[in-house]
1. Could you list, in sequence order, all residues of segment B:1-18 that are more than 7 Å from chain A (Cβ to nearest Cβ) and at pLDDT 85 or above?
2. With respect to B:Thr243, is the statement that it is more than 24 Å from B:Val175 (Cβ to Cβ), of a type in the set (Ser, Thr, Tyr), crowded, with 16+ Cβ neighbours inside 10 Å and more than 8 Å from every other protein chain (Cβ to nearest Cβ) true?
3. Can you spot a residue in segment A:157-167 that is within 19 Å of the chain's Cα centre (by Cα) and more than 9 Å from every other protein chain (Cβ to nearest Cβ)?
4. Exactly one condition in (1) in contact (Cβ under 8 Å) with a residue 24 or more places away in the chain; (2) touching a Lys or Arg at 6+ places or on another chain (Cβ under 7 Å) is false for B:Gly134; which is it?
5. Looking at this structure, is B:Ser201 out of contact with any helix residue (DSSP H, G or I) (no Cβ under 7 Å at 6 or more places or on another chain), more than 8 Å from every other protein chain (Cβ to nearest Cβ) and assigned to a helix (DSSP H, G or I)?
6. Exactly one of (1) open to solvent by 60 Å² or more (accessible area, probe 1.4 Å); (2) within 14 Å of chain B (Cβ to nearest Cβ); (3) of a type in the set (Ser, Thr, Tyr) is unmet by A:Thr86. Its number?
7. Which of (1) in a helix (DSSP H, G or I); (2) more than 10 Å from chain B (Cβ to nearest Cβ) does A:Pro147 not meet, given it meets every other one?
8. Could you tell me whether segment A:111-130 includes any residue that is of a type in the set (Lys, Arg) and more than 24 Å from B:Ile13 (Cβ to Cβ)?
Amino acid sequence: MATLTDPRPTLTAEPVRNRRRRRSVGELVRRVPVAIGIAVLLVIELYPLFWLFMNSLKSSQEFISTPSWALPAEFRWDNYATAWETGSLATTIRNSVVATVPSLLLIILLGVAAGFALEVMVWKGRNTVLLTVLAGIMIPGQMILLPLFTIYFNLRLTGTLWPLIITYTAHGLPLTILMMATYFRAIPREIFEASTIDGASIVRSFFSIGFPMVRNAVLTVALVQFFLIWNDLLFAITFANRRELNTIQAGLLNFSGEYGALDYGPLMAAICITVTGVLVLYLFLNQRIMQGLTAGSIKG
Amino acid sequence: MRSVLGDRRAIAILLGPALLVYTLAMLVPVVWSLGYTFFKGNALEGFRFAGFDNFARLVADPDVHEAFAFTVKYAALMSLGQVVVGYALALFYVFVLRRLSSFVRTLVFFPVVIPTVAIALLYQKLFQSAPRDGVVNELLVNVGLGGVDWLGAGDTAFIVIIVMDLWRSMGFYGVLIYAGLLDIPEDILESARLDGARRWSLFRHIVLPLSLPILLSSVIFSLNGTIKVFDSVLALTNGGPGTSNTPLTLYMYRTAFAYGDYGYGSTIALLLTIMCFAVTVVVFRSARRDITA
C-alpha cells in the first residue's frame, strides 16, 4: 500500500520569510475545520457507547424517573451479575467460541491450500474452478439455508454445533481463497521451483515454505473471518435455535425479547459485555483488521 | 519445471478438501434450492410437485412486492449513503488529516466489528419514545421540536434503520476508499498543483476521476451487501411496524420457518441471488464502459 506524502507544494522559489507567514495563516484556517471534524466524529462514534455503558449501571427505577441522558445516581454493578445469570452469557459465549474456532481453523487450512493450488500451480481448468468458487461470494445465505437445514436434520446433526461449523467453513471459503490467491500472486514461483529442485515435494514445499511465507496474510484473513462468523445471525438462529445452543448474537436477541422489555439495566449490561470482548480484540489488532477487511473486499 | 507445479496429485491434495466442502455445502445446496422452487411443503411434512406455481405466486404476491420495494429502496439509499459518506471520510483522512489520520480511522471503524444485534438494541433504546423518551427524543424536545414515535411508524423506523446502518458501516467504507485514494500517484497531484489546480478544481478534475474505479468497486460491494440486509433489521424492528420494513431476506426466512413453505422460500431466495448477480454484472459492465471510454 502506497503512503501519501505531504501533498503541499514545495515553494522553493519564494523567500523563506514570506513562505513562513503564508503557512501559519493557512495552517490556522485549516486547523479549525479539522478540529471541528474530529470533534463531530468523536461524539458520533463515542457517545452511543458511553450512553450504553452509563445506562448499564442504572436501576430500573431510574429508567422510569430520570431522563435517559442523565448519569446514574449510583453504579449498579449488580446489573452485570443479573445479565450474566439471566442471559446465560457464559453459555452463549462458549457456544460462539466452539462454533467459531474449528470453523476458523478449517477455513484457514483448506482455504490457504486451495488458494495455493489455484494461484501458484499451473493446470488446465483452474480459471473455471476459481470463477466457480468466487461466485460463492455473491450467494446469499438464504439460498443454501433450506437444503442445509434438511441435510443436517436427516444426518441428525441438529442439536449440536456441527451444522454451524460446517456452514461457516463452506461459506467462508470463497472469500478466503480469493484473498489467499491474491497474496500468493505476489510470491515468485521460482521459490517453489527451487525448493523442489532441492528435493521437496510440492505439497511439502507448500507446508514448509508457502504457508510460512504468507503467515501474516493468514492472520489478517483469520481476523476477517473471525468477525464475519462471530457476528453471524442468520445461520445461528436457523441451525442452533435451541436455547442451549444459542450463540452470542442469537442469545442477545432472545434475551432482549423475553427479559429486556422488563428490565433495561441488565439488558444494557448484557450488550456491554457482548461489545467489550470484540472491542478489546479490535483495539489490539485494529490496523490489521482494517487492512484485511478492505483487501478482502476489493483488491483481487 | 512446469511438471512440478502441474503435479496432479499435489493439486488434488491441496485443492481437494476445500473443493469438496465447498461443493457439498455450497454448490449442492444451491442446486437443491433451485429444485425446491418447483415444490410445495417442507422437510418435516414432505413435498409435492407444484410446477411453476411458486413463480406465479412470487410475481403476484403483494408481500413480495412490498419486500422487494423495501430491499431496493434500502439498497439504493444505503449504498448511496455508504459511498458518499465513506468518500467524504476518505478525503478527510487523506487531504485534511493526512498522516495523523490513524487514530480517527481506528475510532470511526470500530462499530464495524461490534455484533449487529448489540448495535440494534442500542439504537432501539436511543430512539425509543415509550415508556420514556430516548436520547434522540429528549434532544428534539429540548430544542423545541416534539418527540417522535420513531419505531412506531414505517417511515420513521426506516430512517432509524438507515441512520443505524450508516453509523455501523461508514468507517468501513471510509477505510476502503481511503486505501484506494492512497493509490493515486503523488506526482499526478503534484503536477496538477504546479499547473495551478487548487482545492475544488484539483478535486473535480484530478481526484474524482482517478477515484472512480475504487468508488465503483465500493458501489458493487455495497449493493451486494445491502441486498442481503438481515441482522440489523431483524434485531431493530423485526421488519415492522407491521410488514412495512421487511426485506426479502427476512420475508424468505419467515416464509420458510414460520409458514413452513420451503418451495416458496427458495423461490424468494432465488430472486435475491439473481439480484446480487445482476447488480454485480450490470454495474460492472456499464461502469467499465464509462471509465475506459
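The values are calculated or read from the model by the stated rules, or taken from the named source; none is laboratory data. Note that the coordinates shown come from a computational prediction; the quantities given were computed from them, not determined experimentally. All Cβ positions, even for glycine, are placed from backbone atoms using ideal geometry, and neighbour counts span all protein chains on display. The accessibility values were calculated without ligands, DNA or RNA, using every heavy atom of the protein model including side chains. Shrake-Rupley method; radii C 1.70, N 1.55, O 1.52, S 1.80 Å.
1. B:Arg8, B:Arg9, B:Ala12, B:Gly16
2. yes
3. Yes.
4. (1)
5. For B:Ser201, the condition - out of contact with any helix residue (DSSP H, G or I) (no Cβ under 7 Å at 6 or more places or on another chain), more than 8 Å from every other protein chain (Cβ to nearest Cβ) and assigned to a helix (DSSP H, G or I) - is met.
6. Answer for A:Thr86: the failing condition is (2).
7. Condition (2) is where A:Pro147 drops out.
8. For segment A:111-130, residues of a type in the set (Lys, Arg) and more than 24 Å from B:Ile13 (Cβ to Cβ): absent.
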